[in-house]
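Student: The following block contains the structure, expressed as structure tokens.
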Amino acid sequence: RERTYIMVKPDGVQRGLVGEIISRFEKRGFKLIAAKLASPPKEQLEKHYADLSSKPFFPGLIKYMLSGPVFALVFEGLDAVKTGRVMLGATNPLQSAAGTIRGDYALAVGRNICHGSDTVENAEKEIALWFPEGIVQYSLLQESMIFE
Ligand code: GTP
Ligand code: MG
């Protein structure tokens, strides 16, 4: 079963959207397998967004991500990476569809509430980066009501 790393960014935490975001993923049928509030060191955020280090907005992005705690989450389920990205909406909230998290709660690309892994390979890397302590295993009792 596929896993994805979802992170509520500092603006999402400050705006009280942690519960809403968890709730959307739970209700969709994803299994919550890890969650914590974190104030990561700068180096960890630079590692998380390493692919973007040459972009002009990178310093601003790191400053934004350091502006308060983040809420780190791992969800597991069918096509979790792609479906998670669809639930988040387009990177720029001005282009995010209504009904997506960014499309419902954000306006600016530099304050877009949440992160979601973009590939299965990156999801596994991000889960290892954010949850080095490992993840609890359990089975979802109503799984046969969610998956064929
Ligand atoms: P994440 O889920 O956070 O990784 O976003 P994404 O995958 O939709 O976009 P990407 O990985 O390309 O960019 C990471 C983050 O950098 C975005 O979510 C934005 O917060 C920020 N970002 C991306 N492009 C821009 C930009 O053009 N300007 C500014 N200010 N920020 C940007
Ligand atoms: Mg990204």
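None of the figures in this text is laboratory data; all of them are computed from the coordinates on show. Everything numeric in this text was worked out from a predicted model, so none of it was measured. Because the Cβ atoms are built from the backbone with ideal geometry, glycine has one as well, and the counts that use them run over all protein chains shown.
Student: Cα gyration tensor of the stretch 1-141, axes a ≥ b ≥ c as square roots of the eigenvalues: rounded (a/c below 1.5), prolate (a/b > b/c) or oblate?
Tutor: On the way: a/c = 1.56, a/b = 1.19, b/c = 1.31.
Here the stretch 1-141 falls in the oblate category.
Student: How large is ³J(HN,Hα) for each residue in the stretch 7-12, as worked out from phi by the Karplus curve 6.51 cos²θ - 1.76 cosθ + 1.60 (θ = phi - 60°), to whole Hz, x for Gly and Pro?
Tutor: 10, 7, 6, x, 5, x
Student: I need the phi-derived Karplus couplings for the stretch 44-52: 6.51 cos²θ - 1.76 cosθ + 1.60, θ = phi - 60°, integer Hz, Gly and Pro marked x.
Tutor: Each residue of the stretch 44-52 in turn: 5, 5, 5, 5, 4, 9, 3, 4, 9 Hz.
Student: A further question on this structure: Would you grab the residues whose amide H sits under 5 Å from the one on Leu66? Only those 5+ places off in sequence or on another chain, please, with H modelled 1.01 Å from N.
Tutor: Amide H neighbours of Leu66, under 5 Å, 5+ apart: none.
Student: Hey, another quick one. Give, to the nearest whole percent, the P(r) tail of the stretch 6-88 beyond 16 angstrom, counting all Cα pairs.
Tutor: Working: 1899 of 3403 pairs.
For the stretch 6-88, the fraction of Cα-Cα distances above 16 Å is 56 percent.
Student: Still on this model: Which one, Lys55, Lys36, Lys82, has the greatest fluctuation when you compute a Gaussian network model over the chain with C-alpha springs under 10 angstrom?
Tutor: Comparing Lys55, Lys36, Lys82 in the GNM, the peak value goes to Lys55.
Student: Within the set of other residues whose C-beta is less than 12 Å from the C-beta of Leu32, count the net charge using Lys and Arg as +1 and Asp and Glu as -1. Can you show the working numbers first?
Tutor: Numbers: positive: Arg3, Arg24, Lys27, Arg28, Lys31, Lys36; negative: Glu26, Glu76.
Net of charged neighbours comes to +4.
Student: Same structure, new question: List the pairs from Lys27/Lys63; Lys31/Lys55; Lys27/Lys47; Lys27/Lys125; Lys36/Lys125 whose alpha-carbon separation is above 28 Å, in the order I gave them. Provide the component values of the computation, followed by the final result.
Tutor: Numbers: Lys27/Lys63 32 Å; Lys31/Lys55 34 Å; Lys27/Lys47 31 Å; Lys27/Lys125 26 Å; Lys36/Lys125 17 Å.
Where the Cα-Cα span goes over 28 Å, the pairs concerned are Lys27/Lys63; Lys31/Lys55; Lys27/Lys47.
Student: Out of every Cα pair in the stretch 57-122, what percent are spaced more than 19 Å from each other?
Tutor: Details: 808 of 2145 pairs.
I get 38 percent for the Cα pairs in the stretch 57-122 exceeding 19 Å.
Student: What is the helix-to-structure angle for 18-28, meaning the angle in degrees between its Cα long axis and the longest Cα principal axis of the chain, kept from 0 to 90 and rounded to the nearest 10?
Tutor: Around 40 degrees separate the two axes.
Student: By how many degrees, 0 to 90 and rounded to 10, does the Cα axis of helix 120-130 deviate from the longest principal axis of the chain?
Tutor: Computed tilt is about 70 degrees.
Student: Kindly write out, for the stretch 68-82 in residue order, the coupling ³J(HN,Hα) from the Karplus curve 6.51 cos²θ - 1.76 cosθ + 1.60 (θ = phi - 60°), rounded to whole Hz, with x marking Gly and Pro.
Tutor: Whole-Hz 3J(HN,Hα) from phi for the stretch 68-82: x, x, 10, 10, 8, 9, 10, 10, 10, x, 5, 6, 4, 5, 5.
Student: Where the centroid of each part is defined by its Cα atoms, how far is the stretch 1-65 from the stretch 78-148 in Å?
Tutor: 9
Student: Here is a further query. Treat the count of other C-beta atoms within 10 Å as a stand-in for reagent exposure and order Glu20, Glu133 from fewest to most.
Tutor: If I rank by nearby Cβ atoms, fewest first, I get Glu133, Glu20.
Student: Determine the sum of side-chain charges near Ser139: Lys and Arg each +1, Asp and Glu each -1, restricted to other residues whose C-beta is under 14 angstrom from that of Ser139. Please list the in-between numbers first.
Tutor: Working: positive: Arg1, Lys31; negative: Glu76, Glu143.
Local charge sum for Ser139: 0.
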